[in-house]
Amino acid sequence: MSEKKTLDVSSINSIDPSNDNSANSTNSENLHEYHGFDQTAEEEIRELARTLTIQSVNNASVHESINELENQSIFTPEMEGINPVFTNPANPGYNPKLDPVSEDFSSKAWVQNMANISLADPDFYKPYSLGCVWKNLSASGESSDVAYQSTFLNMPYKILSTGYRKLKSSKTEDRFEILKPMDGCLNPGELLVVLGRPGSGCTTLLKSISSNTHGFKISDESTISYSGLTPKEVKRHYRGEVVYNAEADIHLPHLTVFQTLYTVARLKTPTNRIKGVDRDTFARHMTEVAMATYGLSHTRNTKVGNDLVRGVSGGERKRVSIAEVSICGSKFQCWDNATRGLDSATALEFIRALKTQATISNSAATVAIYQCSQDAYDLFDKVCVLDGGYQLYYGPGNKAKKYFQDMGYLCPERQTTADFLTSVTSPAERVINPEFIKKGIKVPQTPKDMGDYWLNSQNYKELITEIDRKLSENVEST
């Protein structure tokens with residue numbers, strides 16, 4: 001076996017443009033389903049698709065006769081697995097959902113095809129889906145003094161002290177646990193929300209499952225698998241496929257939104273692309289589609305900006321980050337406190353944009369937030385609750401509320417599910433069910449007690465069964 005492993009393509013979800021909901025068929029009936037783009041986005045993408053298709057056909061006609069063109073897909077023949085787009089309705093393989101001049105054109109089906117084209121270069125890309133499974137995951141950090149500004153005079157001391165700490169870091173007394181052993185499974189096309197108060201370990205969990213472990217160490221007993229790939233292989237060969245996005249959105253502030261996204265599209269334009277379309281036109285089209293998808297078309301010529309340079313709003317800047325990741329084609333994404341500084345409406349737009357991306361590209365995303373509205377919470381497929389480094393729950397979002405109610409806590413009227421799950425970790429906010437007290441039933445109240453309750457629950461047993469099955473499948477596929 002060569003040193004560089006190929007990505008597992010056995011779990012690819014084949015694209016069926018005639019079924020727009022294929023990527024979202026596993027959603028729970030109680031969760032809000034994704035219904036596609038709004039009318040504005042549909043019209044924008046329709047016009048973009050029509051322009052690109054006409055240009056592709058016109059350019060190709062210079063080199064091919066009209067008779068040959070009638071039965072020709074605008075995609076190159078090497079694009080196996082991509083549903084072809086035929087420009088002649090009389091052709092047996094014609095699909096109106098992929099024809100931008102048809103009244104039945106589906107922007108979702110078109111964007112889904114375009115996303116796969118950008119990943120279909122046989123030399124560099126392969127169509128695939130990427131999930132993540134972690135078992136017995138725990139992390140620890142070093143006990144160190146407060147950080148200080150490095151100068152020319154204290155730099156030698158800082159280098160020597162850092163080396164000394166690394167030499168003695170194997171001692172147990174010099175380390176402290178950030179994450180207690182926890183487990184999880186996130187499948188392609190799913191969204192996971194991680195809830196917890198500051199200091200509960202949400203950031204460390206996201207960094208751990210995204211293979212960004214600078215500053216702390218994952219225990220040797222931990223198991224992390226990305227559809228058969230190990231964290232070491234991801235770091236070495238597939239760093240762009242597993243992405244961690246920090247709280248702050250760092251961009252070049254003086255570039256416009258179009259320039260920022262166009263640069264990304266240029267770097268990701270494949271050699272094997274639509275017939276008759278040059279590299280620059282393809283990159284521009286991908287940029288336009290991404291802006292239309294995430295509601296950024298009106299900010300085309302506006303600077304991205306930052307805290308000092310005036311530019312787009314905070315919510316729009318966050319959507320620029322999402323569009324960048326979408327163009328890059330990253331299949332597993334971790335967003336740390338992504339809704340910080342956003343109002344409730346803007347935060348909901350952000351979650352909807354993530355749901356759009358997961359539905360279109362069959363990617364998986366994890367979002368750590370402190371609070372969110374009920375509408376935003378219902379868009380997530382799974383939820384993970386942390387407190388003090390302990391895992392209190394991991395599973396379907398529509399079962400979390402009942403789980404903690406069965407544990408012995410009351411959810412006040414008109415309180416959102418996310419707020420209820422977070423309040424359970426706060427002694428000042430949670431409400432214990434008086435019926436449990438009357439019956440003498442002990443209600444877990446400390447993070448350790450609630451963590452032990454989780455380990456003995458039926459939900460945990462079902463999760464471990466799913467994790468073991470996934471790990472077995474990953475071993476067989478490799």
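Computed from the coordinates by the stated procedures, all read-outs in this text should not be read as laboratory data. What you see is a predicted model, and the numbers here were worked out from it, not measured in a lab. Counting neighbours? That spans all protein chains shown, and the Cβs are built from the backbone with ideal geometry, glycine included.
Quick notes on this structure:
- Considering only Cα atoms, the convex hull volume of segment 194-271 works out to 158 Å³ per residue.
- With neighbour counts taken as other beta-carbon atoms within 10 Å, the residues H214, H298 rank, fewest first, as H214, H298.
- Proximity of backbone amide H atoms, modeled 1.01 Å from N, is registered between T366 and L192, Q333, C334, W335 at under 5 Å, excluding neighbours fewer than 5 places apart on the same chain.
- Listed cross-link partners K180/K207; K180/K217; K268/K331; K135/K448; K207/K303; K180/K461 are compared with a 21 Å cut-off, the Cα-Cα value being larger for K207/K303.
- Globularity ratio of segment 319-383, using Cα Rg and 2.2 N^0.38 Å: 1.03
- Spin-label pair I437/F176, simplified geometry with 7 Å Cα→Cβ offset, distance in nm: 3.3
- Gyration tensor verdict on segment 289-442 (Cα atoms; rounded if a/c is under 1.5, prolate if a/b is larger than b/c, oblate otherwise): prolate
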